[in-house]
Structures are given as C-alpha cells and as structure tokens.
Amino acid sequence: MASENFNQFGPTFQSKIISSLLSDNKFIQTINDILEPSYFDSDANKWLTREIAKYFMEFRKSPTLEVLKIKINQMEDEILKVSVVENLKDAWRNIEATDLEFVKQETLGFCKNQVIKESIMQSVDLLEQKKYDEIKVLIDAAMKAGSERDLGHDYIISLNDRLTESVRETLPTPWDSITNVMDGGLAGGELGVLVAPAGIGKTWCLQSLGAHLVRQGKTVVHDTLELNEAYVGLRYDTVFSGTPTANIKFYQEDVQKVIDGLDGKLIIKYYPTRSASVNTLAAHLKQMEIQEIKPDVVIVDYADILKPTTFYKEKRHATGETYENLRGMAGEFDIPIWTASQANRSSLEEDVIDASKVSEDYSKVMTADFVMSVSRKVEDKIANTGRVHVIKNRFGIDGITFPAEINTNTGNIQVYESSTQGGKSAQGKMDNSEEYLRQTLSKKYNDLKPKTDGFE
C-alpha cells in the first residue's frame, strides 16, 4: 500500500501541485504551513515551491509568469535554470487540467506520505542501533503530519492558555540594568541586535553575552564571520579569566583552571566573510540536532556580513532580508539569537547612537525584538567608558541610556544604572572627559620621558 502511494505522488502529481499553487491563492494559504519544498523529488520543483511561497508571504497572492521569469533570469546555476524552465512550462500547461481539484484535495496526503517516507529512511539507521523507541516516535509523528492544523488562538475560551504562554522563558544578559528593561532577557524565537561603529567593541560585547550564559551552564553557539575560531577562542579566554589576550600564553595553567570550572558548552564556528548565509547557519544547527546537541542561544558576529540568499541590486534590501531570515531561524529553532550591526561613520563622535545611525537599512530595527547601541568617543576609549542606549525594546521601555565601563584589554564590560555608584563613577569620567584625557596623557608622558636628573 505504501509503495502504491509513493507511485501515486510521482512527477506528474508533483507538477500539478505547482500548477495549483500558481492558480489558486486560497490553496496556497491553506497548504503553505505544511507543504515543504523538500517534499518534492526534483530540485526544480523545490525551487519553484520556495519562490512561490516567498512571493505569497510578501504579497498574499501567487506570482505571475512574468515575475517568475525575472526570478529565473537572476539564477546563477545554469543547469538548474534549464530544469526550472522546463518544469514551469509543464506546470503552466496543466493550469487548466480537469483534475486539479483532486490534486488539491490529495496534497495533504502527499505531504504526509513524504514525511512517512523520510521517517522510514531515518529508521534504517535507528533499527541497526536497536533504538526502537526513537523509531516509534518518528513514525507516530509522521502519521500525525498535517492532521493537527493550527487554526489560530480562540480569544474567548483561551484566557488560561494566554496567561501561561505569555510567560517568556528568557536568558539574561550579563548586565542587570539591560536584563531588567528587557523583562528578563531574550527568549526563544527573538532577535537581539547590538549596534556600534567599527572598532568600538561589538565582538567583546557579544562574547560577554556568550560567556555569561556558559557560566550559567548553557550551550552557546558563536558563529564568527570575521575572526577565526582560534582568535575568538582566545578572546573568550580573556573574558572568562580577565587575563589580557596578549598574556594568555604566560598564564595558560591559570586560564585552564577557569575554563575547567565552567558548567556550560561553547561551540565556535567560523565562516569566511560573505561565504555563509542564514541557510548555512540553519544547516549547522540541524547537524547539531542530529548529534543531539541543542543550543540555548546563538550568537552571530555579525549579521551585516552574512551572504544574502537572494540577489538584490541594492545592498540595503539584501541586508533587510538577512535580518528577517535570521529572526525566522530564531523562530524555527525556538532559540534566542544575538547579533551585531554596523553603525554609520557619522556615529563615531556621537554621545548617543540612535536609530538614525544604523547603517544600510532601518528594517534591521523593525525586524529585531531588541536593539541597543554602544557609543565610545576617543576619550571614552582611553577612560574605558562608554554609553549603552536602548534603541528598541519590544518588552518594555526604550530611549534610555546607561553609563558603562568597557575594558577591551581584559574583556570586562559593565553596564550600570545611572543612580548606582558604578554608574556615577563612569558618568563622572565621561562628563569630565577632556580633563581625564589630559591627565592620562600627562601621566603617560611622565612615565615615558627620559630620566634627566643630574644632567641639567
């Protein structure tokens, strides 16, 4: 019986699903949350299904033939392009087929069939390992595929569910002042963005976030697109131990003791700049799932230099899509994601960096759940101070600024409430920055000038 089903849902049936997607908006809306491109046998139909779904999500209707021709012309894979053209021709010819209503009716069965087929293939390895309970879970899940459709939240009868679901399971930041305004931190499915100009300490801040959660026994994935794995690891050594990166080799045993005492897990994955897209990061997470590793948080350093999944003439459109996809990944895997974004050059001497200083595309701010900036002028760097400003906060108040101590030599970053002793100290240094700078430079001069006593 299963074999008959597999044949029933062959190439002709799959082509007519594409026809139905192109001709019936109501059908797309009904099946869109169930039908996966991976269910199709050919790469061409996978591509068509993916593009139709993306277009529908944005414009709430099927793409026209002209729109698909534009998308096809933008394809770089010439072999796939030929296949897509042929499959599209077949699908378009079938738009008037008399059995499309039957195809639409049976598409749910097709989806379930493909899930069952996949689960059977996965079960082969599990069978060799005698993991019978896992096989049962796989098969049961496959049999239920598509049968439990979520029609939405019934407001009238769901008060208890609403109150329960409204409790976010958050992961805190290292800074109580920030965690408090975030109502506990970042939760699964949410995207947090740190904005700062180049050279201010974005990576150090992201590593402080990661280190804080590792100390709490969490599993952290740190995707780096600038610095290699070894160097990021050295920086984490500094954050965990307080030992300057340049001196780590002299204190290896001490650093090792600190690392051995950590309760969590840290995985650092390097991708050369512009070599990885959000899809690449998602594939890595799926590989980890296979190995039964479930990250508690993902840090992407940083999103602006991810490779876009779609070609755009304007960089800002590509960047906007990247952030949307990144938040989508957070939702798909139900994990919080922290990343950073470049502020524009004019922000280098700003006391406070607001939304207008976010580089390339304001949609970054619109997409993210929480956005904060870090600003440090030249004198702030010398004084190891800075300002952290909440640009956007889906969980509470925004538009507030916190004084901070930021020492990139030791990896120590502290963000204070203005009323605290630490906040007053940091703020005092920034308020008197010129005098502090003068004193610092004077001290350095005195320390370095030649000793001339007795020769005057």
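The values are calculated or read from the model by the stated rules, or taken from the named source; none is laboratory data. Predicted, not measured: the structure shown is a model, and the values here were computed from it. Ideal geometry is used to build each Cβ from the backbone, glycine not excepted, and the neighbour counts take in all protein chains shown.
Side notes on the structure shown:
- Tally of residues being among the β-branched types (Val, Ile, Thr) and either in contact with a Ser or Thr (Cβ under 9 Å, 6 or more places away or on another chain) or closer than 18 Å to residue 310 by Cβ (or both) across the stretch 65-97: 5
- Residue check, residue 364 modelled with pLDDT under 90 and crowded, with 23+ Cβ neighbours inside 10 Å: yes
- Looking at 223, 304, 254, just one residue is among the charged types (D, E, K, R), in the same structural domain as residue 318 (by TED's automatic domain parsing), modelled with pLDDT of 95 or more and not in a loop (DSSP other than H, G, I, E, B), and that residue is 223.
- Residue match in the stretch 307-321 (condition: assigned by TED's automatic domain parsing to the domain that holds residue 375 and modelled with pLDDT of 90 or more): no
- Residue match in the stretch 345-359 (condition: under 30 Å from residue 51 (Cα atoms) and surrounded by fewer than 17 Cβ atoms within 10 Å (Cβ to Cβ)): no
- Check on residue 179, surrounded by 14 or more Cβ atoms within 10 Å (Cβ to Cβ), hydroxyl-bearing (Ser, Thr, Tyr), within 23 Å of residue 406 (Cβ to Cβ) and within 18 Å of the chain's Cα centre (by Cα): no
- Which listed residue is touching a Leu at 6+ places or on another chain (Cβ under 9 Å), at pLDDT below 90 and not assigned by TED's automatic domain parsing to the domain that holds residue 309, from 40, 56, 6: 56
- Residue within the stretch 17-30 that is assigned to a loop (DSSP other than H, G, I, E, B), of a type in the set (D, E, K, R) and within 28 Å of the chain's Cα centre (by Cα) present: no
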